[in-house]
1. Can you report the number of residues in segment A:96-143 which are without any contact (Cβ under 8 Å) to a residue 12 or more places away in the chain and more than 8 Å from chain B (Cβ to nearest Cβ)?
2. Enumerate the helices (runs of 4 or more DSSP H) found wholly within segment B:169-247, keeping only those where 3 or more residues are in contact with a Ser or Thr (Cβ under 8 Å, 6 or more places away or on another chain).
3. Of the conditions (1) over 21 Å from the mean Cα position of the chain (by Cα); (2) open to solvent by 30 Å² or more (accessible area, probe 1.4 Å), B:R189 clears all except one; give me its number.
4. Among the residues of segment B:187-207, are any in contact (Cβ under 8 Å) with a residue 12 or more places away in the chain and more than 30 Å from B:S137 (Cβ to Cβ)?
5. Go through segment B:154-167 and count every residue that is under 23 Å from B:N87 (Cβ atoms) and within 14 Å of chain A (Cβ to nearest Cβ).
6. Can you tell me which residue among B:N235, B:N252, B:N208 is closer than 30 Å to B:K387 by Cα and either touching an Asp or Glu at 6+ places or on another chain (Cβ under 7 Å) or open to solvent by 30 Å² or more (accessible area, probe 1.4 Å) (or both)?
Amino acid sequence: MDRITVDIVDVANEYKNSKNEHYKSKMERADQDFKWSKEQLAHIETIKAKYPDNEKGKKSTLLPLLHYAQDEFDGWLPVKLMQLVADTIEMPLIKVQEVATFYTMFNLKPVGKYHLQVCTNCACMVTGSGKVLTSLKEEVGEIEDGMSKDGLFTITEVECLGACIQSPVVQVNKAYKFRQNATSAKELVQKLKAKG
Amino acid sequence: MSKFAVSFEDKVFKNLDGDLDWSIEGYKERGGYDRLAEVLAKDPKEIINSLKPCGMRGRGGAGFPTAIKWSFMPDPTDEKPNYLVCNADEGEPGTCKDRDILRNDPHTLVEGLIIGCHCLQAKTAYVYIRGEYHIESVRMQEAIDQAYEAGYLKEGICDIYIHMGAGAYICGEETALLESLEGKRGQPRLKPPFPANFGLYGCPTTVNNVETIAQMGVIAKKGLDWWTQFGSENNHGTKVFSVSGAINSPKNIEVALGVPLKELIEDFCGGVKGGWDNLQAVIPGGSSTKLLTPEEAETAIMDFDSLKQFNSSLGTAGVVVISKDENLLDIMLRISRFYKHETCGQCTPCREGIPWVYRDLEKLINGKGSIEDIDKLVKLTHKIEGKTICAFADGAVWPVQGLIAKFKPLLEEKLK
């Protein structure tokens, strides 16, 4: 249900009224016509090589390209970046949006430098993910427009991360942190804050 | 030692815990890749036929006999090559076995894929790994590269590629996975046609779980007699169980199928936190399977057929132990919320019904409504179950049905 009712943020929206400077600057950066660099184009060729050299094979590159675009840009997928992916695969933008809105790992809004994803499903819940989430929220502080005021953190509650035997799990960007508790979660945020 | 324990020699996944060297050198020391050429010299169809009596059932949840599934594959043609797709989109809450296979024992999977490709006459295998498993996919890619270097994989003869998912539980359903691999929304296809006839890019395709493919490779090498010494008729072999939750030593462990649940929890995993008497309920095979009460857990046998007597199933063998210290109703509501989040939105009974089930359950747990509403909720679940393209909706209502069937007094208490 949540998957069906996602919104795409348009850069044209009134982000300029936001009180979060980091959010504003991220939105401003997203308002550009994106282009792949030479190195990036070379990498895209290696992605294409995995799939059959025909129309159907080309469409298969959509998920890998969205991942790549998100990683290479700013950790999220503004519409103009999706347009670049659409042009690369020669498919309509709406097809790209259709797919990007289906998968939760594609961020349709700017996220902080550290995206903290907390699993709160059954195994993590039994081992105390509730306390971990509360502790993270307390330590990170106020969230405005999806991220903390210093632009460092976004906290998302996610579904099972598939590491139940090492629960509770928190994912920091791409890395898993295992067996968290209220104290370790607090320390985790403090460490990341110090790192900046 | 328990008769269900599996010796180091007999384990399919010798490095499941990650204590040993995962790389190709370590794997070969443990007997990996030896006699592979012998298997590859045999006729593919003969191998499949010889494997049919092995009682190997798919480890991804449905438990369909793997050799039978393989036998559905037609001969490839130039226009329509055969594909083998490995389902590593592990997302069922309570399950994390494939992750440990990918990061600690990736070569068992690579070797299984090589043998699988040979049996299915496929030149290309895709490994669909869930997007969150970044480190695991890097490890798997390293293993694939090593296998190319050592000459076990050869370009154009047998290629393995990794394709990353992007966070959608439904992509673990085989046809949704294929749609996702084709660059679309992961919405399951209507069957028939089955993937063996119309799979990836419309070509014959077999989709198997990580554990299944790895184990099939080892059975093809070691033979039926070795495999059938474990488990019982129709439920042979070893199996990786993920045991988590309120347990003293949560772990992934490979034991013989047919292990009693109590033995698995008490002897292999250090017991329930606070002792066996502190047990409130057990989810036996991932969040979709129906709960077991402590009395049932006392005698339950962990294989595909035995759990049916408790109206439950083995599923993915992700055991979640829930003790009396936890609020069972909150946990089941959380599971219901998971399904509400993950419905793909294709079929109306699921798209509309699963959030409805969640809202009704939430109301009851908050003490709103009457005893009759409990029965209404059960009726509602029966209107969803079996009415959709894939089995997602069934898996979404079973935990609620199981809760009401076995723990109704907990709900009634709330409504007093």
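The values are calculated or read from the model by the stated rules, or taken from the named source; none is laboratory data. None of the values given here were measured: they were computed from a predicted structure. Cβ placement follows ideal geometry from the backbone for every residue including glycine, while neighbour counts extend to all protein chains displayed. Only protein heavy atoms, including side chains, enter the accessible area calculation; ligands, DNA and RNA are left aside. Shrake-Rupley method; radii C 1.70, N 1.55, O 1.52, S 1.80 Å.
1. 3
2. On the way: elements: B:174-181, B:210-222, B:224-228.
Of the helices (runs of 4 or more DSSP H) lying wholly inside segment B:169-247, those with at least 3 residues that are in contact with a Ser or Thr (Cβ under 8 Å, 6 or more places away or on another chain) span B:210-222.
3. Condition not satisfied by B:R189: (1).
4. Let us first name the residues in segment B:187-207 that are in contact (Cβ under 8 Å) with a residue 12 or more places away in the chain, namely B:187-191, B:194-197, B:199-207.
Still in the list and also more than 30 Å from B:S137 (Cβ to Cβ): B:190.
Yes.
5. 9
6. B:N235
Here's the yes/no breakdown for (1) within 23 Å of B:E46 (Cα to Cα); (2) hydrophobic (A, V, I, L, M, F, W, C); (3) open to solvent by 10 Å² or more (accessible area, probe 1.4 Å):
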site: B:P65; (1), (2), (3): yes, no, yes
site: B:I68; (1), (2), (3): yes, yes, yes
site: B:S71; (1), (2), (3): yes, no, yes
site: B:H107; (1), (2), (3): no, no, no
site: B:I114; (1), (2), (3): yes, yes, no
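A quick yes/no check of all residues on (1) in the same structural domain as B:K406 (by TED's automatic domain parsing); (2) modelled with pLDDT of 95 or more; (3) of a type in the set (S, T, N, Q); (4) touching a Leu at 6+ places or on another chain (Cβ under 9 Å):
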residue: B:E295; (1), (2), (3), (4): no, yes, no, no
residue: B:C350; (1), (2), (3), (4): yes, yes, no, no
residue: B:G353; (1), (2), (3), (4): yes, yes, no, yes
residue: B:E362; (1), (2), (3), (4): yes, yes, no, yes
